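Undergrad: Below you'll find the structure I mean.
The values are calculated or read from the model by the stated rules, or taken from the named source; none is laboratory data. As the structure is a prediction and not an experimental result, all values here were calculated from the model. In this analysis, Cβ positions are derived from the backbone assuming ideal geometry, glycine residues included, and neighbour counts consider all displayed protein chains. Please note that ligands, DNA and RNA were not included when accessible areas were found on the heavy atoms of the full protein model with its side chains. Shrake-Rupley method; radii C 1.70, N 1.55, O 1.52, S 1.80 Å.
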Amino acid sequence: MLDILTTALPELAQVEEIDIGVIEQFLSELPDKALRLGIRVVFAVLVFFVGSRFIKIIRKMVKKSLLRGNAEQGVVQFLDSFIKAGLYVVLVLAIASGFGVDAASVIALLGSAGVAIGLAIQGSLANLAGGVLILLLKPFKVGDYIKEDTNGNEGTVEEIQLFYTRLVTPGNKIIVLPNGNLANSSLTNVTFAPDRRLDIQVGISYHADIKKAKEVILKLLEEDPFTIKEKDLLVYVDELADSAVILGIRCWFLNDDYWQGKWRITENIKYVLDENGIGIPFPQMDVHLDGNKACEGDTDGSGMLTKDS
């Protein structure tokens, strides 16, 4: 036993000396390694900063070129998003290669894992494909007012991005819709044409003169400075309802004048009908009491309900 210990002690001492030597060597090289790593980090930050500025310059040049070529705003926004994403990927790969990462190996790895990545980002890929379809088929463009029929979202198209489309509502709220949903669902483009038809319904009394009502409303439409006179201005009997004759009023405005025209015409119709003594009926109820039966609280048997004092 003593012989075994005597033989093992020198070996243990040698192992300890080796371990201590490795630690001492690591500690002695640590400042140099930290310095080199720090230099690489600073260099990577500088490269990212310069690369970001360079990407912005390229994007501005592409935008100016597209705008000089009279490209639609939606095409400009979509291509700008695509170029930005692609150039930043190249920049990140370039910085990673400075830390010893082989870009070719990363691309090969991504290619081999393509199926898994495709399943993970299939929603984003669908949105990307939807954005391409929107630009090709042009169901709407930047500046159009659209209504998305599935969920009832509506607003003015502000941006068509790589994956999403941004709408601004009349209340100045932002709605972000995935391009895939817009490409695969029905929607209404309200402002696709330069002009828009206004339809209003108003009820008049059965005792009123229908011809006179039609004449004064038609005169109002003809005198309004913003109605399009080249298109039909119509006033017609649309329905014989329970308590009113429903008149339909139809005229046309340019898109920019539509809402102001709607509010102005609706208000002025009330004014001209009042000026010409044409009544607009409102819901009312006639209550008839049987005079031969006394009601609770009736004091004189006249059928009139009186309140006990």
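Undergrad: Would you mind giving the average projected area, over all directions, of the Cα convex hull of the stretch 179-235 in nm² with one decimal?
TA: Value for the stretch 179-235: 6.4 nm².
Undergrad: Moving to a separate point now. Setting aside same-chain residues fewer than 8 positions from Lys262, which lysines have a Cα under 17 Å from its Cα?
TA: The reachable lysines, counting only those whose Cα sits under 17 Å from Lys262, are Lys219, Lys229, Lys231, Lys270.
Undergrad: How much length, in nm to one decimal, is gained on full extension between Thr156 and Val168, taken as 0.36 nm per residue of separation minus their Cα-Cα distance?
TA: 3.8 nm
Undergrad: So for the stretch 158-251, averaging the separation of alpha carbon pairs under 8 Å that are six or more residues apart and normalising by length, what relative contact order in percent results?
TA: 24 percent
Undergrad: Just list whichever of Lys60/Lys147; Lys84/Lys173; Lys64/Lys141; Lys63/Lys141; Lys56/Lys147; Lys60/Lys141 have alpha carbons separated by over 23 Å in the model shown.
TA: Lys60/Lys147; Lys84/Lys173; Lys56/Lys147
Undergrad: Just how much of Leu125 is accessible, in Å², when a 1.4 Å probe is used and the result is rounded to the nearest 10?
TA: Number for this one is 80 Å².
Undergrad: Step through the residues of the stretch 258-263 one at a time and calculate ³J(HN,Hα) from phi using the Karplus curve (6.51 cos²θ - 1.76 cosθ + 1.60, θ = phi - 60°), rounding each to whole Hz and writing x for Gly and Pro.
TA: Values per residue, Gly and Pro as x: 4, 5, 4, x, 4, 5 Hz.
Undergrad: Now for a separate question. What FRET efficiency comes out for the pair Asp149/Lys229, r = Cβ-Cβ distance, R0 = 35 Å, nearest 0.05?
TA: 0.60
Undergrad: Moving to a separate point now. Based on the Cβ-Cβ distance of Phe43 and Val89, what FRET efficiency does E = 1/(1 + (r/R0)^6) give at R0 = 22 Å, to the nearest 0.05?
TA: 0.65
Undergrad: Then there's this: Whole number in Å², please: accessible area per residue of the stretch 241-286, 1.4 Å probe, ligands, DNA and RNA not counted.
TA: Heavy-atom accessible area per residue stands at 63 Å².
Undergrad: What distance in nm separates the two pseudo spin-label positions at Lys262 and Glu215, each 7 Å out from Cα along the beta-carbon direction?
TA: It is 3.1 nm.
Undergrad: What nm distance separates the two modelled labels at Asn276 and Ser52, each placed 7 Å from Cα along Cα→Cβ?
TA: Reported label-point gap for Asn276 and Ser52 is 6.7 nm.
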